[in-house]
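No lab work stands behind these numbers, since they all come straight from the coordinates. Keep in mind it's a predicted model, so treat the numbers as computed, not measured. Virtual Cβ from ideal backbone geometry, glycine too; neighbours counted across all protein chains shown.
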Amino acid sequence: MQRSWKFLALLVVVLAAGGWLFWRFRPHRFAGTVLQSPEPAYDFELTSAEGPVRLSDFRGKWVLLFFGYTHCPDVCPTTLADLARVMDLLGRDGEKLQVIMISVDPKRDTPERMAEYVRYFHPSFIGLTGTEEDIREVATRYGIFYNYPQGTPESGYIVEHTASTLLINPEGYLKVIFPPTFGPDGITPEQMAADLKYLLRR
């Protein structure tokens, strides 16, 4: 009888250890779409309130890249608020990450306006703008669609644009495309943070 109890106790320990090991080393299930890009991401140069900024300035850090504009009524403020939440969830790991928003509305988005807008959500966020030609080139290289309407800054207009967030790794390669952070099929800040924690700690 004593041997049976010892065997059962050992079996419980083995099963518990096996369950822990499976949980600890199970493959991570990404919420974003993971890419194996053979070429480095396009190394653009655009303008911030402090001057020119290149993507390559952030080699050694992970970069979250989002395209939007400051007059956006819903998508952009929602996304930036969610990215700020991601930074909070990451804690100290957030220091390894740089969030950059590129304007798709350079007629209205000056470098100063971009800086004021993004820093409202998080002090570390960077806002970039440039000429219409430069913005179009960068957006095209990253597969970002936007519909630039006819109109003037005074009349007001809505810019339709891709709402995905792109993750570029410290070596400068596009690594993950995150879906929008809103809607029934959107990703949550918690899901994005889980993907980032897995990548940042590898």
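Among residues other than ALA115 whose Cβ falls under 11 Å from its Cβ, what is the net charge (Lys/Arg +1, Asp/Glu -1)?
For residues surrounding ALA115, the net value is -2.
Report the extension gain between THR33 and LYS61 in nm, rounded to one decimal, defined as 0.36 nm multiplied by the number of residues separating them, less their alpha carbon distance.
Length gained between THR33 and LYS61: 8.1 nm.
Sort largest first and round to whole Å: the equivalent ellipsoid semi-axes of the chain, each the square root of five times a Cα gyration tensor eigenvalue.
They are 43, 17, 15 Å, listed largest first.
For the chain, list the DSSP H helices whose alpha carbon atoms reach 18 Å or more along the long axis and whose average Kyte-Doolittle value is 1.0 or above?
2-25, 75-90
Please list log₁₀ I(q)/I(0) at q = 0.12, 0.13 Å⁻¹ for segment 73-142, using the Debye equation with identical point scatterers on the alpha-carbon positions.
-0.34, -0.40
With charges only on Cβ, +1 for K and R and -1 for D and E, what is the dipole size of the chain about its Cα centre, in debye, rounded to 20?
Computed about the Cα centre, the dipole is about 1620 debye.
I'd like the antiparallel share, as a percent to the nearest 5, of DSSP beta bridges with both residues in the chain.
Here the antiparallel bridges make up roughly 65 percent for the chain.
For a test of understanding, tell me how many lysine pairs in segment 30-200 have Cα atoms under 16 Å apart, given they are 8 or more places apart or on different chains.
6
When the dipole is taken about the Cα centre of segment 83-154, and only Lys, Arg (+1) and Asp, Glu (-1) are charged at their Cβ, what size is it in debye, to the nearest 20?
Computed about the Cα centre, the dipole is about 240 debye.
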